[in-house]
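A short write-up of the structure that comes next.
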Amino acid sequence: MLSVPAYRQGIAAPENGFKLSSNEIALDPLPSVRERVIAAAGGFNRYGDAGQLELRTRLAARFGVTPDEIHIAAGSVSILYQLVAAACAPGDEYIHAWPSFEAYPALGLASSARAVAVPLRADATHDLEAMADAVNERTRAILLCTPNNPTGAIIRREEFDEFMRAVPRNVLVVLDEAYREFITDPSAVFGEEVIAHYPQLVILRTFSKAYGLAGLRIGFAVGNSAILGAAKSVSIPLSLTQMAGEGALASLDAEAELFERITEISVARDQLAAQLRTLGFTVPEAQGNFVWLELGQNAQALADFFAAEGLVTRAFPGFGVRISVGEAESIPRVIELASRFMSELARVAEEG
Ligand SMILES: *Cc1c(COP(=O)(O)O)cnc(C)c1O
């Protein structure tokens, strides 16, 4: 373990600090969205509209599916739990990559399903061949994350199609596209382009990230209505709030404005990744609203060093550190501190 200066975590003055650990949008909600959510909040003595037909109808039109082939829930994380619970009996397996979304390993706990983690390739992409090879007679589901949280690397369309040819028809494949809107690499697989080809495929999207509704809790799945029906049947009824539904509808209305923000974030991401590479960090292709620094045993040390200076990031000990693209003012701070950390590493290495 590298010895870095003995800074302590969690002492940042809030006015100097930045939270870059949850891949949220740092900008305030758009006024039009906020107003509609506040208007909906006026009626919270009533349960929300659980069916969300208007939202499902609008989303269905975009994906070329029927409203039955859209399932909305209080966050796409809750749909992940539903899908694993619906697909797996005790002792069954589901496969996911690692490092990947931190929720994946625990999804099967409630249903006593076993999570099988397949290491990423050296370039931080999904090892789809190894994932297909990990399928056995107990496998019920495979979770794919593109761009992968935390590494930012995408799955390419070509390798995705090849993977789908290798996977048995009765294994559910979930394409978690929580960061879909930030992708600028045209070779990526896009759920909306492949959903019609594969009956066993479910794609997951969320309003939490690019749409900036993380605190409202709303996400959705697109896929075969029988699979989604099974997910619904294990869901907790009435979890979705009317505020979340109205926030999502208002966000669709405000998409032009939202997508200007998203474009700016993707540009800032590319600049940040390039600058960090110039400093000597290993940064895989970043296609979400975050960058990944591959640090191995130095991961926790970098996160602690940042935290002591008021930057909260997400460490995956032994692997790396994920940094969200946050407030514009946070970016020079990230660069400056990353540069200091690199000098410190070099100094320690020199001292042996
Ligand atoms: C943030 C995130 C989610 C979305 O979570 P919500 O429950 O919709 O807020 C899903 N998958 C991944 C990989 C994420 O990073």
Here D for region 217-260, in µm²/s, from Stokes-Einstein with a Kirkwood Rh over Cα pairs at 25 °C and 0.890 mPa s, works out to 198 µm²/s
note: the chain, Cα-Cα separations exceeding 31 Å make up a percent value of 36 percent
Per the C-alpha gyration tensor (a ≥ b ≥ c, the square roots of its eigenvalues), region 276-352 is rounded if a/c is under 1.5, else prolate if a/b beats b/c, else oblate; here it's prolate
Quick calc of log₁₀ I(q)/I(0), region 150-201, Debye, one scatterer on every Cα, no solvent, q values 0.26 1/Å, result -1.15
To the nearest 20 debye, region 209-352 has a Cα-centred charge dipole, built from +1 on Lys and Arg Cβ and -1 on Asp and Glu Cβ, of 480 debye
Quick P(r) readout (region 131-251; Cα-Cα; 10 Å bins; whole %) gives 12, 40, 35, 12, 1
Ala103 and Leu238 label points (each 7 Å along its Cα→Cβ direction) are spaced in nm at 2.3 nm
Counting Lys and Arg as +1 and Asp and Glu as -1 over every other residue whose Cβ sits under 12 Å from the Cβ of Leu30, the net charge comes to -3
To the nearest 20 debye, the chain has a Cα-centred charge dipole, built from +1 on Lys and Arg Cβ and -1 on Asp and Glu Cβ, of 780 debye
Full extension between Arg169 and Ala134 adds, at 0.36 nm per residue less the Cα distance, a length in nm of 11.1 nm
Rounded to 0.05, the calculated FRET efficiency for the beta carbons of Asp123 and Phe44 at R₀ = 45 Å is 0.40
Reduced to Cα centres, the span from region 194-240 to region 304-352 in Å works out to 35 Å
In the chain the DSSP beta bridges are antiparallel at a rate, in percent to nearest 5, of 50 percent
Karplus ³J(HN,Hα) for region 102-107 (6.51 cos²θ - 1.76 cosθ + 1.60, θ = phi - 60°; Hz, whole; x = Gly/Pro) runs 5, 6, 4, x, 9, 4
Between the modelled labels at Leu53 and Thr263 (7 Å from Cα along Cα→Cβ) the distance in nm is 3.7 nm
Residues of region 328-352 with backbone N under 17 Å of the label point set 7 Å from the Cα of Thr282 along Cα→Cβ are 342, 345-346
Counting every C-alpha pair in region 11-123, the percent lying more than 26 Å apart is 50 percent
For region 90-143, the Cα convex hull volume per residue in Å³ comes to 58 Å³
For the Glu329, Gln271 Cβ pair and Förster radius 22 Å, calculated FRET efficiency rounded to 0.05 is 0.95
Amide H neighbours of Ile95 at under 5 Å, excluding residues fewer than 5 places away on the same chain, with H built from the backbone geometry, are Val116, Ala141, Ile142, Leu143
Expressed in µm² per second, the diffusion coefficient of region 60-165 from the Stokes-Einstein equation, with Rh the Kirkwood radius over alpha carbon pairs, at 4 °C and 1.567 mPa s, is 88 µm²/s
Of the convex hull drawn through the C-alpha atoms of region 184-315, the volume per residue in Å³ is 183 Å³
Among Ile335, Asn298, Ala308, the residue whose Cα sits farthest towards the positive end of the charge dipole of region 297-349, when +1 is placed on the Cβ of each Lys and Arg and -1 on the Cβ of each Asp and Glu, is Asn298
Burial-style ranking of 232-244, 35-47, average other-beta-carbon count within 10 Å with highest first, yields 232-244, 35-47
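Computed from the coordinates by the stated procedures, all read-outs in this text should not be read as laboratory data. This is a predicted model, so every value here is computed, not measured. Glycine gets a Cβ as well: all are built from the backbone with ideal geometry, and neighbour counts include every protein chain shown.
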